[in-house]
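The structure appears below as structure tokens.
The values are calculated or read from the model by the stated rules, or taken from the named source; none is laboratory data. This is a predicted model, so every value here is computed, not measured. Cβ placement follows ideal geometry from the backbone for every residue including glycine, while neighbour counts extend to all protein chains displayed. Areas reflect the complete protein model, heavy atoms only, side chains present, ligands, DNA and RNA absent. Shrake-Rupley method; radii C 1.70, N 1.55, O 1.52, S 1.80 Å.
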Amino acid sequence: MFDSIASTYDLLNRLMSFGQDIRWRKKAMERLKALKPVSLLDVASGTADMAIDACRWLHPTEVIGIDLSEEMLRIGKEKVSRHKLDTVIT
């Protein structure tokens, strides 16, 4: 199912959560910041929003994103590339 909605997932997520997904990620980053993680695993990474935010907020050496949906990961890889983040591996 996620392969079929991957191209509109980010928009749908923002609309259906009324932007709450952005606040959830920000709250997670604030909590993780104190731990100063060097390496992160983003399980169910989807289109890599959490992985991208982790790179921006936490500056880890590496972030590995995994997901069952190949199409979501493909889109995530494109986003990571656009953001020029070399610490994210999806």
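Here are some notes:
- Taking every residue in the range 21-50 that is within 19 Å of residue 62 (Cβ to Cβ) and pairing it with any residue that is open to solvent by 90 Å² or more (accessible area, probe 1.4 Å) and hydrophobic (A, V, I, L, M, F, W, C), at least 6 positions away or on another chain, the pairs with Cβ-Cβ distances below 8 Å are 44/68; 46/2.
- With respect to the conditions (1) modelled with pLDDT of 95 or more; (2) part of a loop (DSSP other than H, G, I, E, B), residue 85 falls short on a single one, namely (1).
- Taken over the range 10-60, residues that are open to solvent by less than 100 Å² (accessible area, probe 1.4 Å), in contact with a Phe, Trp or Tyr (Cβ under 7 Å, 6 or more places away or on another chain) and on the phi < 0 side of the Ramachandran plot amount to 2.
- Hey, residue 79 open to solvent by less than 50 Å² (accessible area, probe 1.4 Å), basic (Lys, Arg) and at negative phi or not: yes
- Against the conditions (1) touching a residue at least 40 places away in the same chain (Cβ under 8 Å); (2) surrounded by 16 or more Cβ atoms within 10 Å (Cβ to Cβ), residue 3 satisfies every one except (2).
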